[in-house]
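To keep things clear, I will list the structure first and then write my remarks on it.
Rule-based calculations on the coordinates, nothing more; no lab input. These numbers come from a predicted model, not from an experiment. When we count neighbours, we look across all protein chains shown, and the Cβ atoms used for this are built from the backbone with ideal geometry, even at glycine.
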Amino acid sequence: MSDTAVAPTTESPAVAIKKVRKKRPIGFYIAASWIGLVLFLGLFGWILPTPKWDASFFDSLGVGPFSKGHILGTTQDGYDEFAGLVNGARISIFVSFIAVTVGGGIGSFIGITSAYFRGTYDKIVVTFFNILLSIPNLVLSLALLSVLAYSDENHPSSTNRRVVVLIISLIVVIIPILGRIGRGATLQWSSREFVLASKSMGTKDFMIIRKHVLPNVAPALLAIGFLAIGSVIIVEGSLAILGIGVPGGASWGSMLANGRGNLEFSPWEVYCPALCIAFTVISCNWFGDYVRTALDQREAKI
Amino acid sequence: MSPLLKLEDLNVSFATPRGDLRAVKNVNIELNQGESLGVVGESGSGKTVLSRATMGLLPSTATRTGKILYKGEDISQLPRDEVRQLWGTGMAMIFQDPMTALNPVRRIGTQLTESLTVRLGMNKKDAREKAIELMKRVRIPDPEGMLRKFPYQLSGGMRQRIMIAIAVSCSPEMLFADEPTTALDVTVQAQVLELLTELRKEFNMGMILVTHDLGVVAGHTDKIAVMYAGDVVEYAPTRQLFNNMKMPYTEALLKSIPRLETPTGTRLPVIEGRLPDPTKNEPGCSFANRCPYATDKCRTETPPLTDGGNQHFYRCWFPIGGGK
């Protein structure tokens, strides 16, 4: 934002910055603080004096919110709701962050290079993306999870293995989404004259991609990346409800899945994780939108 | 000594759904060190394609035949990596629109030093000093402050000066200026042209100045090639061309420049009609259907490039002022 502050010469930079800040919508602050809260809980939740998330409190089964020792109550099996949410934040952040950065990285690399070099490589990539996109996300994840991390009473697969396979299946879902965005934006930017100008000075192709294409494509990728975090959380929740998410009620999705049978006795078991998922997804969408408009300003000025 | 640049039968065509589009046809051009050649023609006559084809910057849908001799060596068949070695240090290009030829999200300084560090292997400090020196050379006020600015903070003329500074940063021997003044307003045009001529003399560069304005090339070139529908229709030393033009098209181009002497309200002469369809290859002179002097012979037989003496070539059956 310091660049926008330079433009008006009659005002001091501080005044200009203030003006830009004023324009931020209230939704941005709500979204940013919720994301901040979830991040804090996920990264530093273990320092909070919460009860253990994976221990059952037999003396207080299914107590309501705001009861002594259990601020959001417990489940019918005696698990502390708040501790579960804090732990779920950790899992959600871990899963969605890894899936989106790795999947987004691979996807946008493939997308950008295919749009830049064109030719047969581009055709293969587009076909590959279309095939991936034509398979419904849930079916794809289901198939991968049940093949690679099959689990029953005789052949239990470890939690780690299931989480890894879950992340891999989410990465496969993310690759074509960000790949197509990266490809589309690169098609537009790499035909601009400054790319040709840099080429005419003898700059190598990957240097041009890094220095000229990527900075222009990045806003679109970042915005969609934030949206993707939201959808990854939803996919994870859906998988949990189908019974193949992170096992043992560790994630928000599996808390929801475990609690849905007790809706009439202890509705907070469903509401708490559901609201967490909803808020996080909405915040990611808002934040992504804001990032896009904020980074677009420089281009809009020209 | 072999000339700096020599094009022999250069042809460029694009594969389109309607058939091959011939953008440049059998062009022969020669340019010596320190000389400047003006390529003139209306929109769609193949000027830009000619300069890009010479550098090798065409899109993959284009096919190019013929020889491009750079310092006596044919570079048209070289692999891309070897041609790239020439770009920047051997041949450089200035683009038409300085608004789009600079990356909007990177600072002037990084764009200006990019080729210095990448191509010449300078370290950051040297590159920065060289960049400031270059900006002083193209007369940019406050070069140190300019390093930190973004393109949107600069006027069109300033951006074009930056583009020129970038193009000459690796001291090329051959400079292609693709309509360098079209996007600028008239007061700045003269300054930019003056600067280009000055730099050409200082670095002893060969320059190809592509433009649609005969007035622009008059004072800044040694030779002029007039292009029409992909053909070079007249090719002569500048003085010779203006004193004794042979081609009706060149005459028509010159007539359509607005003049101060003409009384207010006079209609500006235009060249009626349009360029022929470049995907069709019809016999006859390509300018015949717009030419005031055209006869039946012009419509049925293609005129060859005729040598009129004094290095003056033209492609016309009935040149103005008669043949040689």
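Hey, if you put +1 on the Cβ of every Lys and Arg and -1 on every Asp and Glu Cβ in chain A, which of A:140, A:121, A:232 ends up farthest toward the positive end of that dipole?
Looking along the dipole axis, the top candidate is A:121.
Output ³J(HN,Hα) for segment B:127-140: one whole-Hz value per residue in order, computed from phi by the Karplus curve 6.51 cos²θ - 1.76 cosθ + 1.60 with θ = phi - 60°, and x for Gly and Pro.
In residue order, the calculated couplings are 4, 5, 5, 5, 5, 5, 4, 4, 5, 5, 4, 8, 6, 9 Hz.
Output the 0 to 90 degree angle, nearest 10, between the alpha-carbon long axis of helix A:159-190 and the longest principal axis computed from the alpha carbons of chain A.
Helix A:159-190 sits at roughly 20 degrees to that axis.
Calculated FRET efficiency, residue A:143 and residue A:60, Cβ-Cβ r, R0 35 Å, to nearest 0.05?
Working: r = 41 Å, r/R0 = 1.17.
Taking R0 as 35 Å, the efficiency between residue A:143 and residue A:60 is 0.30.
Counting only Cα, what are the radius of gyration and maximum Cα-Cα distance Dmax of segment A:2-300, in Å?
Calculated on Cα positions, Rg and Dmax stand at 22.9, 76 Å.
Can you list, bin by bin at 10 Å, the percent of alpha carbon pairs in segment B:101-169, starting at 0?
23, 61, 16, 0
Based solely on its DSSP helices, what 222 nm [θ] is calculated for chain B when runs of n ≥ 4 H residues each add -39,500 (n - 2.57) and the sum is averaged over all residues, nearest 500 deg cm²/dmol? Walk me through the intermediate numbers first.
Details: 11 runs with 101 residues, N = 324.
Helix contribution divided over all residues of chain B: -9000 deg cm²/dmol.
Over the whole of B:181-190, what's the average partner chain Cβ count within 10 Å per residue? Rounded to a whole number, please.
On the way: counts 0, 0, 0, 0, 0, 0, 0, 0, 0, 0.
Counting other chains' Cβ atoms within 10 Å and averaging over B:181-190 gives 0.
Using the Cα centre of chain B as the reference point, and only Cβ charges (+1 on K/R, -1 on D/E), how large is the resulting charge dipole? Debye, rounded to the nearest 20. Display every interim value, and only then the final one.
Working: 40 positive and 36 negative charges, 120 e Å.
Magnitude of the dipole: close to 580 debye.
With θ taken as phi - 60° and the coefficients 6.51, -1.76 and 1.60, list the Karplus ³J(HN,Hα) couplings across segment B:177-188 in order, rounded to whole Hz; mark glycine and proline as x.
Taking θ as phi minus 60°, the curve returns 10, 8, 6, x, 10, 4, 8, 9, 7, 4, 5, 7 Hz for segment B:177-188.
Whose amide H sits under 5 Å from the amide H of residue B:224, counting only residues 5 or more places off or on another chain, with H placed in the peptide plane?
For residue B:224, the qualifying residues are B:38, B:236, B:238.
Could you tell me what fraction of 2.2 N^0.38 Å the Cα radius of gyration of the protein assembly as shown comes to, as a two-decimal ratio?
Ratio of Cα Rg to 2.2 N^0.38 Å: 1.31.
What is segment B:154-249 by shape, rounded, prolate or oblate, if you read a ≥ b ≥ c off the alpha carbon gyration tensor as root eigenvalues and call it rounded for a/c under 1.5, prolate for a/b larger than b/c, and oblate otherwise? Let's see the in-between values first.
Details: a/c = 2.08, a/b = 1.62, b/c = 1.28.
It comes out prolate by the Cα gyration axes.
With +1 assigned to the C-beta of every Lys and Arg and -1 to the C-beta of every Asp and Glu, and no other charges, what is the dipole magnitude of segment B:168-209 about the Cα centre in debye, to the nearest 20? Kindly include the intermediate steps, with their values, before the conclusion.
Numbers: 2 positive and 7 negative charges, 22 e Å.
In debye, rounded to 20, segment B:168-209 gives about 100.
What shape does chain B have by the C-alpha gyration tensor, where a ≥ b ≥ c are the square roots of the eigenvalues, rounded means a/c under 1.5, and otherwise prolate means a/b greater than b/c and oblate the rest?
Values: a/c = 1.98, a/b = 1.55, b/c = 1.28.
Because a/c hits 1.5 or more and a/b exceeds b/c, chain B counts as prolate.
Pairing the Cα long axis of helix A:26-44 with the longest principal axis of chain A, what angle in degrees results, from 0 to 90 and rounded to the nearest 10?
With both axes taken from Cα atoms, the answer is about 60 degrees.
For residue B:316, what residues show an amide H to amide H distance below 5 Å, using hydrogens built from the backbone and excluding near sequence neighbours?
Hits under the 5 Å cutoff: B:306.
I'd like to know which of B:216, A:64, B:285 lies farthest towards the positive end of the charge dipole of the protein assembly as shown, counting +1 on Cβ of Lys and Arg and -1 on Cβ of Asp and Glu.
After comparing all options, I get B:216.
Measure nothing but the geometry: give the 0 to 90° angle between the long axis through the Cα atoms of A:119-134 and the longest principal axis through the Cα atoms of chain A, rounded to 10°.
30 degrees
Among rounded, prolate and oblate, which fits segment B:233-304 when a ≥ b ≥ c are the square roots of the eigenvalues of its C-alpha gyration tensor, a/c under 1.5 means rounded, and a/b larger than b/c means prolate? Kindly include the intermediate steps, with their values, before the conclusion.
Working: a/c = 2.49, a/b = 1.51, b/c = 1.65.
The shape class here is oblate.
Taking each residue in B:146-157, count the Cβ atoms of any other chain within 10 Å of its Cβ, then average. What number comes out?
Values: counts 0, 0, 2, 2, 6, 4, 7, 4, 0, 0, 0, 0.
For this peptide, the per-residue mean of nearby foreign Cβ atoms is 2.
What order do you get for A:190-200, B:279-289 when each peptide is scored by the mean count of other beta carbon atoms within 10 Å, highest first?
Numbers: A:190-200: 21.5, B:279-289: 17.2.
Result, highest mean Cβ count within 10 Å first: A:190-200, B:279-289.
Calculate one ³J(HN,Hα) per residue across segment A:268-283 by plugging θ = phi - 60° into the Karplus curve 6.51 cos²θ - 1.76 cosθ + 1.60, and present them in order as whole Hz with x for glycine and proline.
Calculated HN-Hα couplings, in order: 4, 4, 8, 4, 4, x, 5, 5, 4, 4, 4, 4, 5, 5, 4, 4 Hz.
For chain A, what does the helix formula give at 222 nm: sum of -39500 (n - 2.57) over DSSP H segments with n ≥ 4, over the residue count, nearest 500 deg cm²/dmol? Numbers along the way, then the final one.
Details: 12 runs with 212 residues, N = 302.
So the helix-based figure for chain A works out to -23500 deg cm²/dmol.
Mind ranking A:213-219, A:274-280, B:117-123 by how tightly packed they are, going by the mean number of other C-beta atoms within 10 angstrom, highest first? Don't jump to the answer; show the numbers that get you there.
Values: A:213-219: 20.7, A:274-280: 18.1, B:117-123: 14.9.
So the peptides A:213-219, A:274-280, B:117-123, ranked by packing, come out A:213-219, A:274-280, B:117-123.
For B:103-113, what's the mean count of beta carbons from other chains sitting within 10 Å of each residue's beta carbon? Intermediate results must be reported in sequence, preceding the final value.
Numbers: counts 13, 10, 11, 5, 1, 0, 0, 1, 6, 0, 0.
Mean number of neighbouring Cβ atoms from other chains: 4.
Near residue B:15, within a Cβ-to-Cβ distance under 13 Å, what is the net charge of the other residues, with Lys and Arg +1 and Asp and Glu -1? Numbers along the way, then the final one.
Working: positive: B:18, B:22, B:64; negative: B:20.
The answer is +2.
Dipole magnitude of chain A about its Cα centre, charges +1 at Lys/Arg Cβ and -1 at Asp/Glu Cβ only, in debye to the nearest 20?
It works out to roughly 1520 debye.
FRET efficiency for residue B:58 and residue B:264, Cβ-Cβ distance as r, R0 = 41 Å, nearest 0.05? Don't skip to the end; give the middle numbers.
Working: r = 45 Å, r/R0 = 1.10.
The calculated FRET efficiency here is 0.35.
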